[in-house]
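Comments concern the structure below.
The values are calculated or read from the model by the stated rules, or taken from the named source; none is laboratory data. Remember, predicted model here, so these are calculated numbers, not experimental data. Cβ placement follows ideal geometry from the backbone for every residue including glycine, while neighbour counts extend to all protein chains displayed. Just so you know, the surface numbers come from the protein's heavy atoms only, side chains and all, with ligands and any DNA or RNA stripped out. Shrake-Rupley method; radii C 1.70, N 1.55, O 1.52, S 1.80 Å.
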Amino acid sequence: MAVFSRKHNYLFLASPQTGSKAINKTLLEQLEGEQVPPSDVRKNGKVVANKHHTTIKMLVNAGLLTREQINGAFKFTGVRNPFDLLVSRYMKLRGRFAAEGDK
């Protein structure tokens, strides 16, 4: 999901598995942002802009934001240490397989 603020002129784009939902929540509640899009946008049954992890191209093609709005906005996203992500995935899988072994 993306968060756009007309007042503060920023565009935040969520990256998968970076804690972006927590960042989105803060931007929406405290920095007067709006979720763009609030739900998946479909045209002819096909998703053209995802609610989660949308791209600038999707926002423009779906008519949610203009190229001028995007070009004039401060754009940012979050990143995650790749080793942290690797450990997180390992621990998740390890826990899942350990739980299955207990059955």
(request) Calculate for the chain the 222 nm mean residue ellipticity that helices alone would give, adding -39,500 (n - 2.57) per DSSP H run of length 4 or more and normalising by residue count, nearest 500 deg cm²/dmol. (result) -12500 deg cm²/dmol
(request) Just add up the charged neighbours of Val48: K/R +1, D/E -1, any other residue whose Cβ is under 14 Å from the Cβ of Val48. (result) +4
(request) Could you work out the relative contact order of the chain, using alpha carbon pairs under 8 angstrom and six or more residues apart, expressed as a whole percent? (result) 30 percent
(request) Report the accessible area of Ser15, computed with a 1.4 Å probe over the heavy atoms of all protein chains in place, in Å² rounded to the nearest 10. (result) 30 Å²
(request) Work from the charge dipole of the chain (Cβ charges, +1 for Lys and Arg, -1 for Asp and Glu, about the Cα centre) and give the residue of Ser5, His53, Leu27 farthest towards its positive end. (result) His53
(request) Report, to the nearest 10°, how far helix 20-30 tilts away from the longest principal axis of the Cα atoms in the chain, using its own Cα long axis and a range of 0 to 90°. (result) 40 degrees
(request) Mind putting a number on the dipole of segment 1-47 about its Cα centre? Charges go on the C-beta only, +1 for Lys and Arg and -1 for Asp and Glu, and I need it in Debye to the nearest 20. (result) 220 debye
(request) Write down the percent of antiparallel bridges among all DSSP beta bridges whose residues are both part of the chain, to the nearest 5. (result) 75 percent
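Only four residue types carry charge here, +1 at the Cβ of Lys and Arg and -1 at the Cβ of Asp and Glu. Report the dipole size of the chain about the Cα centre in Debye, rounded to the nearest 20.
300 debye
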(request) Treating cross-link reach as a plain straight distance, find the lysines whose alpha-carbon is under 27 Å from the alpha-carbon of Lys43, omitting any fewer than eight places away in the same chain. (result) Lys21, Lys51, Lys57, Lys75
